[in-house]
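What follows is a set of notes on a single structure, which appears directly below.
Read-outs: derived from the displayed coordinates by stated rules, not from any lab. Since the model is a prediction, treat every value here as computed from it, not as a measurement. Don't worry about glycine lacking a Cβ; one is built from the backbone with ideal geometry, like all the others, and counts go over all protein chains shown.
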Amino acid sequence: MESKSISFGSSIRFVNRDVYKMLEKKNFIDYRHDRPNILKADTFFSEEIRTCTGGGLVNPEIEALGFHFWDDLTNQNKFSYLMNCLFRFVKQPQNGLIVGSKNLKQSPLSIEQFQKIKKVFSERIKNLSIFEEHTFPNSETNYHYSLKNDTWTLCAQFQDRKDMYYKSVTNLERLQNFYRHISISDGDRLFIGDKEILPADAPEIFKSSIR
């Protein structure tokens, strides 16, 4: 009898708004303080991550949680408590993903919060993929996660000065222009739509290609 091979890498798939809207969604994670902003479940989603930081922890085939933290003084003052909560709910995460932040004068804690979370996650998670700092002033990331197929589905949208309508990240060039810094973990696979982006396509964003 053949042993079951377990992959410890997640799939990360960027899709347009129409595809994202068609996903079956449950277990919404909000950023407001009067609602839960950490949720452990087999599937979850969060939306409108702009200056906030969102993402999650995964122990493949066992457990996962998602979060969405507003970049405000309340979360800054209880940062250690929030980190302890995350790693108490998923004690041995193998994979993780973080996304968000934006460099805006009216959001002075945004970059700082993201950097602090990235530091903690980088020290405690072997396979961490990072989508850091939205570059467009009018931009946001929405995400959905499913433990069943270990897949993050992201819808990244932006509005440029030439067009009043939001555009989605639908190709590699847009993806690389959308975030200030991208780092795909060794074990993770990146897709844009149905096309897989390989390390040879963009070696600068894959960890295994920049060693």
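Descriptive notes on the structure:
- For region 61-211, size of Cβ-based charge dipole, Lys and Arg +1, Asp and Glu -1, in debye: 380
- Distance in nm between pseudo-label sites at Ser80 and Asp18 (7 Å out along the Cβ direction from Cα): 5.1
- Asn59/Leu104 FRET efficiency (R0 35 Å; Cβ-Cβ; nearest 0.05): 0.50
- Enclosing the Cα atoms of region 1-123 in their convex hull gives a volume equal to 136 cubic angstrom per residue.
- Fluctuation leader among Val169, Val120, Val90 - the chain, Gaussian network, Cα springs under 10 angstrom: Val120
- Among (1) 21.0, 78; (2) 16.3, 60; (3) 41.1, 120, the entry derived from the coordinates for Rg and Dmax of the Cα atoms in Å: (2)
- For region 112-211, radius of gyration divided by Kirkwood radius, i.e. Rg to Rh on alpha-carbons: 0.96
- Highest-MSF residue in the chain out of Phe45, Phe28, Phe69 [GNM, Cα springs under 10 Å]: Phe28
- For region 71-137, the number of Lys pairs separated by eight or more positions or lying on different chains, with C-alpha atoms closer than 24 Å, is 18.
- Its Cα gyration tensor gives region 151-209 an equivalent ellipsoid; the semi-axes, largest first and in whole Å, are 23, 12, 10.
- Based on the Kirkwood approach, the hydrodynamic radius assigned to region 54-143 is 13.6 Å, with every pair of different Cα atoms included.
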